[in-house]
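Read-outs: derived from the displayed coordinates by stated rules, not from any lab. Being a predicted model, the structure only gives us computed values, none of them experimental. Cβ placement follows ideal geometry from the backbone for every residue including glycine, while neighbour counts extend to all protein chains displayed.
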Amino acid sequence: MTMKTNSLRQNILGKPCLRLPLAAVALLLLGALGGCASNKNLQPAQATPGTGEGGFELADTNHDGKLSRNEANDFLMGEMFNATDTNHDGHITMEEATAGDPRRRTDFKKRDANHDGIVTREEAIKYGRAHGIANKAFREADKNHDGALDRAEVQAYYASREGSPR
């Protein structure tokens, strides 16, 4: 990855990953089904110790054993929201989104739908859906072209990008 990063964070597995501003979400999700903060979370329950559920189970909101494009997008945007919301108050401020880089202000403003100076989880998810943030990765992962991702497709896509979860 050639992107300049501001800080090193850890994902749910305790593995190092980059804390990315909202401006980088689109680039990250176009390259993989989530990146460091969320890709491993789409693995089965053993990938999220202590919760009893894996990201796949959490993302599969209708519990049909498959992820629709919206389910995958919503989950991944939520994970990226969590990574950017550095004080974990449920809102992303301009400061959190830009991390001191004024060039990121425009991207923040695009996501702040009601122009109140914060981006809520709902605004982030709505932006992700409207702009097809996860579409390219979803198409690449959907090997049987049925418009949904099953566990095996998610695991295969993850393994092709980063290797199997440990």
Exercise. Is there a residue in the stretch 77-92 that is more than 18 Å from Leu58 (Cα to Cα), polar (S, T, N, Q) and touching a strand residue (DSSP E or B) at 6+ places or on another chain (Cβ under 6 Å)?
Worked result: yes
Exercise. Which members of the stretch 67-83 meet the condition of being outside any helix (DSSP H, G or I) and surrounded by 18 or more Cβ atoms within 10 Å (Cβ to Cβ)?
Worked result: Leu67
Exercise. With respect to the numbered conditions (1) in contact with a Pro (Cβ under 6 Å, 6 or more places away or on another chain); (2) among the aliphatic types (A, V, I, L, M); (3) within 25 Å of Glu57 (Cβ to Cβ), which one is the sole condition not fulfilled by Ala97?
Worked result: (3)
Exercise. For residues in the stretch 65-78 being charged (D, E, K, R) and in contact (Cβ under 8 Å) with a residue 24 or more places away in the chain, which is farthest from Gly147 (Cα to Cα)?
Worked result: Asp74
For this session: Among the numbered conditions (1) under 18 Å from the mean Cα position of the chain (by Cα); (2) without any contact (Cβ under 8 Å) to a residue 40 or more places away in the chain; (3) on the phi < 0 side of the Ramachandran plot, tell me where His88 comes up short.
Result: (3)
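Checking the structure you have, find out if any residue of the stretch 127-137 is touching a residue at least 60 places away in the same chain (Cβ under 8 Å), among the polar types (S, T, N, Q) and under 21 Å from Glu71 (Cα atoms). Outline the logic, then answer.
Initially, the stretch 127-137 is screened for residues touching a residue at least 60 places away in the same chain (Cβ under 8 Å), giving 128, 131, 133-137.
Right, trim to among the polar types (S, T, N, Q) and you get 135.
Narrowing further to those that are under 21 Å from Glu71 (Cα atoms): 135.
Looking for residues that are touching a residue at least 60 places away in the same chain (Cβ under 8 Å), among the polar types (S, T, N, Q) and under 21 Å from Glu71 (Cα atoms), one finds at least one in the stretch 127-137, hence yes.
Considering Ala113, Ala99, which residue is over 15 Å from the mean Cα position of the chain (by Cα) and either touching a residue at least 60 places away in the same chain (Cβ under 8 Å) or on the phi > 0 side of the Ramachandran plot (or both)?
Details: Ala113 fails: either touching a residue at least 60 places away in the same chain (Cβ under 8 Å) or on the phi > 0 side of the Ramachandran plot (or both).
Exactly one residue qualifies, and that residue is Ala99.
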